[in-house]
Each structure stands twice: as C-alpha cells, then as structure tokens.
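*Asks:* Got a structure here, written out as structure tokens. Questions coming.
The values are calculated or read from the model by the stated rules, or taken from the named source; none is laboratory data. Fair warning: this is a prediction, and the values are worked out from it, not measured in the lab. Don't worry about glycine lacking a Cβ; one is built from the backbone with ideal geometry, like all the others, and counts go over all protein chains shown.
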C-alpha cells in the first residue's frame, strides 16, 4: 500500500508540475505575443479595406493560445487520472472505464477517417474534373466574347450568360454526384434537413426564379443591349446594366430606374438604338397651318427646318405627310431620320425651335399646337 501510495503521489506531483510548467510556458508566450504586436505584426489589408489591425490580431492569437493551453491540460488529465486510478487494485475498474471513455471515441474517429479515405478520393476526382471543365469552357467563352472565335448563329453577347448556365449545371451535377459520398448522407437527420432546405427554397424563391428565367430569356431574345436607348411602358432611358434579376435604366434626367426582368417579359419594349442602327430612326412632329397657307410653302419650311439640326440625316431625305384635314386647318407631319438616339430630346427641341423661328420669319400663324387667348373685360 505504501508503495502504491508513493506511485500515486509521484504521478500527482508530476501532473501538478506539468500544469505549472504549462501555465508558465503560456505566460511567457503571452508576453511574446504582446511584444510581437508592438514590433512585427502588421495590419491585414485586403485592397483598400483594413480587415484586421494589430490589436485585433493579438486578441485572436491570445484567444487561440488559451484554447491550446486548456487543451494540453485536458490531455494531461485524461492520461494522468486513469494512471492514478490504475495504481490501486480497488480502483482499476474505474481506470479501465476511463481509458475506454477516451480510447473508444478516438478509435471510432480514426476508423471512420480511414474508411472514408476512398470516398474522399472520389470526391476530389469529381471536383477536379468539374473544375477543369469549367476552366476550359471559360476560355472558350472568352474567345467567343472577344470575337476571336465565331460560331454561326451564336452572338458574342450570348457567351457570358451561356457560360453561367453551363457552370451552374456542372456545379449542380457535381453536388449531386458528391452527395452520396458525404458522411452521414444516408442518415434520416441528413435527409430531413435536405427536404426542409428544399422546401424553404421552393416556397421563398418563386419570384426570384421567375426573374432569373426572364433574364435568360431576355438575353437570348436580344430585345436590347447595354447602352441602347429603350422605352418600357412610360419609362425611357439608356440600359446601363443587365443582371439575371433586374435591368437598370438611366433616364434623360439621370434617374436610375430598376426594373424586374419578369416585368420586362410581360410588357412591350421599344428599342430606339436598334432601329437607328438597322434602318435609321424616324422622328416626327405634327404642326398645323391655316388653309390659306399654300401646301408647298409649308413643306418647304418644314424641310428647311431639318437642314439646320445637326443630328438629323439628309440621306435618306426628310419628308412631309399631310396626316389629317381638320375643321380649321390641315395637319402636316415632318419626318426625318436621326443619326444619334442618345440625344433625342435635344433633337426634338432643336427641330421645334427651328420650325417656330422659320414660321415667325415667314409671318405664318401656327394653329397646331393650339393656343388660346384670354380676353379680360371690364364689368
């Protein structure tokens, strides 16, 4: 008994000494970390953003050192306590039980890791195959987008959206292939979580999915491109951004309007830029003069007005239509082809201004647009 008691005291003394040495070593390590903060640590900067300064880094390192210290002490106790219980015959069963508490989980984890290694190799191979497939497709996409590689019937602006679709499908295929090799994928808990997540996504993403599908449909329909001037219902402006969810327009008043793609699919779109590129966009203004004014004089005046507006083309030639015969005056419509649709409002303003000036110089009274004179009478 005395001999056993001596061994017990020796093990206890060694454990106390180890705890003391561990605390002493980590106190010195703490002082070194504080000194390191003042001398060698530098802020972690990502681009222009300071992710962590030296004070925050030292706090994180000190916290990790505390975790490491208590982990070492726990390991020491897991070894020393069963050893102390095994010294006396009466407490040997307790020592065996404690060893099992420690060894069984370690054995189970080690066995699980070893058994999982073949599955891990399969997952790595699947990931590498998909990763390099995406890199190859990205290279081809870049060649098509830059115009170096041309495919019949495939436009360069389709390249990036098509790549996004293929990449999404490949990643979805990769997840479906890897899923069966994940640890615990056959458990009921794992299946329940998967069903719950799928239900939440399906219930909450109807509008989002609708906008994404509409965005891809718009891309392949090509009703407009970034930079085009378009009109959606009562909103008119230049397209500055196209995303899978929304399209953004900048109006002539520099207002940024965000429009969901699903709304664009359900309404009509007028593309001024596409018309100008393909055929030449025709602008028109209705004016009215009295029946006493000769038609040839009106047509000459309106054609002359277009010649001094810089953004109006003279080829094809502007032309005048007599669109209606009202009770008090005929209605003439001047039609002209424009060069630039980015300044439509300025073009309309210049043409209106020039028609107004020429009518005043010729002494002609414009009856359309209407104007009214209010006479005040003394009562």
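*Asks:* For residue 348, indicate whether it is crowded, with 18+ Cβ neighbours inside 10 Å and either at negative phi or part of a loop (DSSP other than H, G, I, E, B) (or both).
*Replies:* Judged against the criteria, residue 348 is not a match.
*Asks:* Another question, if that's okay. Only one of these is in the same structural domain as residue 171 (by TED's automatic domain parsing) and either under 30 Å from residue 2 (Cα atoms) or surrounded by 15 or more Cβ atoms within 10 Å (Cβ to Cβ) (or both): 83, 130. Name it.
*Replies:* Answer to the check: 130.
*Asks:* Next up: Could you name every one of the strands (runs of 3 or more DSSP E) located completely within region 229-314 that has at least 1 residues being over 30 Å from residue 361 (Cα atoms)?
*Replies:* Qualifying strands (runs of 3 or more DSSP E): 229-232, 235-242, 246-250, 256-260, 269-271.
*Asks:* For residue 264, only one of the following conditions fails: (1) under 16 Å from residue 330 (Cβ atoms); (2) crowded, with 17+ Cβ neighbours inside 10 Å. What is its number?
*Replies:* (1)
*Asks:* Suppose the filter is loosely packed, with under 15 Cβ neighbours inside 10 Å and either within 40 Å of the chain's Cα centre (by Cα) or closer than 27 Å to residue 217 by Cα (or both); does residue 307 pass it?
*Replies:* Answer is no for this residue.
*Asks:* Residues in region 199-208: is at least one within 26 Å of the chain's Cα centre (by Cα), surrounded by 11 or more Cβ atoms within 10 Å (Cβ to Cβ), modelled with pLDDT of 65 or more and under 26 Å from residue 248 (Cβ atoms)?
*Replies:* Checking region 199-208: at least one residue is within 26 Å of the chain's Cα centre (by Cα), surrounded by 11 or more Cβ atoms within 10 Å (Cβ to Cβ), modelled with pLDDT of 65 or more and under 26 Å from residue 248 (Cβ atoms).
*Asks:* Residue 45: over 30 Å from residue 158 (Cβ atoms), outside the structural domain of residue 178 (by TED's automatic domain parsing) and assigned to a helix (DSSP H, G or I), yes or no?
*Replies:* no
*Asks:* Within region 37-56, take every residue that is under 18 Å from residue 66 (Cα atoms) and modelled with pLDDT of 80 or more and give me the one that is nearest to the chain's Cα centre (by Cα).
*Replies:* Among those that are under 18 Å from residue 66 (Cα atoms) and modelled with pLDDT of 80 or more, it is 56.
*Asks:* Sticking with this one: Do you know which residues across region 1-28 are out of contact with any helix residue (DSSP H, G or I) (no Cβ under 7 Å at 6 or more places or on another chain) and more than 25 Å from residue 69 (Cβ to Cβ)? Show your work before the answer.
*Replies:* Filtering region 1-28 for residues out of contact with any helix residue (DSSP H, G or I) (no Cβ under 7 Å at 6 or more places or on another chain) gives 1-3, 5-6, 9-10, 13-14, 16-17, 20-21, 23-25, 27-28.
Of everything in region 1-28, those that are out of contact with any helix residue (DSSP H, G or I) (no Cβ under 7 Å at 6 or more places or on another chain) and more than 25 Å from residue 69 (Cβ to Cβ) turn out to be 1, 2, 3, 5, 6, 9.
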